[in-house]
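Report on one structure; see the data block that follows.
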Amino acid sequence: MMAEYLHSELTWKILAAYFAVYRELGLRRTAYPEGELVQALAVELRRRGLGVRTEVPVVRRYRERRIGEGAVDLVVEEKVAVEVKRVRRLTEEHRAQLEAYLLDGGWAVGLLVNFGGEKPQWRRVYVAANDPTARQGDPTATEKPDGGK
């Protein structure tokens, strides 16, 4: 039996779309820039009937003051942020980047997907501080599972 997590059904739909793009592009995926991989994934997600925004601005703040802005690659159904990579292997720095987007953007769930490895690699990131259903006082709780470690 599969465990239930916040937005688990949606994250599995996003991952199914990622696997489809990964398969369809084959080895070409390693030659495409990340921006084109983002667009391919957005096309597949929309084809599956999901609402998608690309290059979504995320304002960074320090002590209530704006200090900069970044952009998360995709936001699906206004619930899950998705960061696309094309690297040999996902690293802790990639996870930390997505976690910062989640914290600053107000999302509780994010997916990190990699098109550059020999096999599909993904990671789910969870920020309890942005989850209204989470236990209070546990802002660093992390959900599992991760895929393709």
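Considering the chain as a Gaussian network with a 10 Å cut-off on Cα pairs, which listed residue, 31, 16, 129, attains the greatest mean-square fluctuation? Answer for the Gaussian network model of the chain: 31.
Dipole magnitude for the chain: about 320 debye, using +1 per Lys or Arg Cβ and -1 per Asp or Glu Cβ, origin at the Cα centre. Calculated mean residue ellipticity at 222 nm for the chain: -10000 deg cm²/dmol, from DSSP H runs with n ≥ 4 weighted as -39500 (n - 2.57), summed, divided by the residue count and rounded to 500. Against the chain, whose longest principal axis is taken from its Cα atoms, helix 34-47 shows a tilt of about 90°.
Using 0.36 nm per residue and subtracting the Cα-Cα separation, the extra length available between residue 67 and residue 10 on full extension is 17.3 nm. Here's the picture: charge each Lys and Arg Cβ at +1 and each Asp and Glu Cβ at -1 in segment 8-130, and of 19, 45, 68 the one pushed furthest to the positive end of that dipole is 19. Computed from the C-beta positions of residue 23 and residue 92, the FRET efficiency with R₀ = 22 Å rounds to 0.20. Is segment 8-130 best put as rounded, prolate or oblate by its Cα gyration tensor, with a ≥ b ≥ c the root eigenvalues, rounded for a/c under 1.5, and otherwise prolate when a/b is larger than b/c, oblate when not? In terms of gyration-tensor shape, prolate. Per residue, the average separation of C-alpha pairs within less than 8 Å and at least 6 apart gives the chain a relative contact order of 17 percent. Can you list the residues, at least 5 places off or on another chain, whose amide H is less than 5 Å from the amide H of residue 87, using H built in the peptide plane? When sequence neighbours closer than 5 places are left aside, the close amide H contacts are 115, 116, 117. Would you mind classifying segment 1-69 by shape? Square roots of the alpha carbon gyration tensor eigenvalues, ordered a ≥ b ≥ c; an a/c under 1.5 is rounded, otherwise it is prolate if a/b is larger than b/c and oblate if not. Judged from the Cα gyration tensor, segment 1-69 comes out oblate (a/c at least 1.5, b/c at or above a/b). Relative to the longest principal axis of the C-alpha atoms of the chain, give the angle of the C-alpha long axis of helix 8-25, reported between 0 and 90° and rounded to the nearest 10°. That helix lies at roughly 30 degrees to the long axis.
Bear in mind that the values in this text are calculations on the coordinates, not laboratory data. As the structure is a prediction and not an experimental result, all values here were calculated from the model. Positions of Cβ are backbone-derived with ideal geometry, glycine not excepted, and every protein chain shown enters the neighbour counts.
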